[in-house]
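Visitor: Here you go, one structure.
Laboratory data are not the source of any read-out in this text; all were calculated from the coordinates shown. All values derive from a computational prediction rather than experimental measurement.
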Amino acid sequence: MGIDYTKRPATPEPVVPPPPPGIPPPPPAGQPVPPAPASIVPPPPAVAPGAPAASVSLSKVTLTKSAPSVSLTKHGGSRGVLAVNLNWDAKPPEKGFFKKYSQLDLDLGCLYEFSDGSKGVVQALGNAFVAGNRAGRQLVRLDGDDRSGQNTGGENMTIDLTDPSLINRVLVFALIYEGAANWAAAKGVATLTPVGAPPIEVLLDDPRDGARICAIAMITNENGEIVVRREVNYLNGAQRALDEAYGWGMNWTRGRK
């Protein structure tokens, strides 16, 4: 009996495994492929009313010989109260076999000149802790006198720059009232902190031992722009020498704490 090769059995259709759960089956051949469903992104969690904003890190600005000045107007802190802090090592070790300690008493102060022509000094000596203009507005205040050097916060002063037009210039200084005139051992640091702007640091480096007073920084109003300039100028003498060096033109008498 002959075999009819034209009557072979039909090839079976391929078996396609079912799709995994959650995935739709493929469309029949010749049908367009529908677009994939858009992914749903959950909305961000709601912020409760009154929740605090994220803190912003403010970097410190250090005035140096090569970069001695900064504009508070451009710095973002030309208005409000400018806080001035002076800190130092109150008990630096002395040289020698017995390593005795000499107490250092530094005083923070300033010479001021306001736009109405009034001028003077703010310092612990003579209890001149506050300065106001002729209208009676208090513009400069010294918080106190740290005679012991034990206050880790140092000495502090505030300068009101709420209305910068009231200020002509303020010269911040430090005076070694008690102890050897050894600025290198004192390691003094002045920090000026404007409102809403990074603090400004002035290191009392490059010392000149023997000088008892140091002009730290000058704050001036230059056509409405408040500028802080590093001085770090050590002078022989005291407040009178500072006055003469910067042309304040005041009369001085002896004072005591």
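Visitor: In sequence order, what are the phi-derived ³J(HN,Hα) couplings for the stretch 193-205 according to the Karplus relation 6.51 cos²θ - 1.76 cosθ + 1.60 with θ = phi - 60°, rounded to whole Hz, with x for glycine and proline?
Guide: 10, x, 6, x, 9, x, x, 10, 10, 10, 8, 7, 9
Visitor: Something else now. Counting only pairs 8 or more residues apart or on different chains, how many lysine pairs in the stretch 61-246 have their Cα atoms under 28 Å apart?
Guide: Taking the stretch 61-246 as the scope, the lysine pair count is 10.
Visitor: Using only the Cα atoms of the stretch 61-246, what semi-axes does the equivalent ellipsoid have when each is the square root of 5 times a gyration tensor eigenvalue? Give whole Å, largest first.
Guide: 28, 17, 15
Visitor: Can you compute 3J(HN,Hα) from phi for each residue in the stretch 212-219, using the Karplus curve 6.51 cos²θ - 1.76 cosθ + 1.60 with θ = phi - 60°, rounded to whole Hz and x for Gly and Pro?
Guide: My calculation for the stretch 212-219 gives 9, 9, 9, 6, 8, 7, 10, 10 Hz in order.
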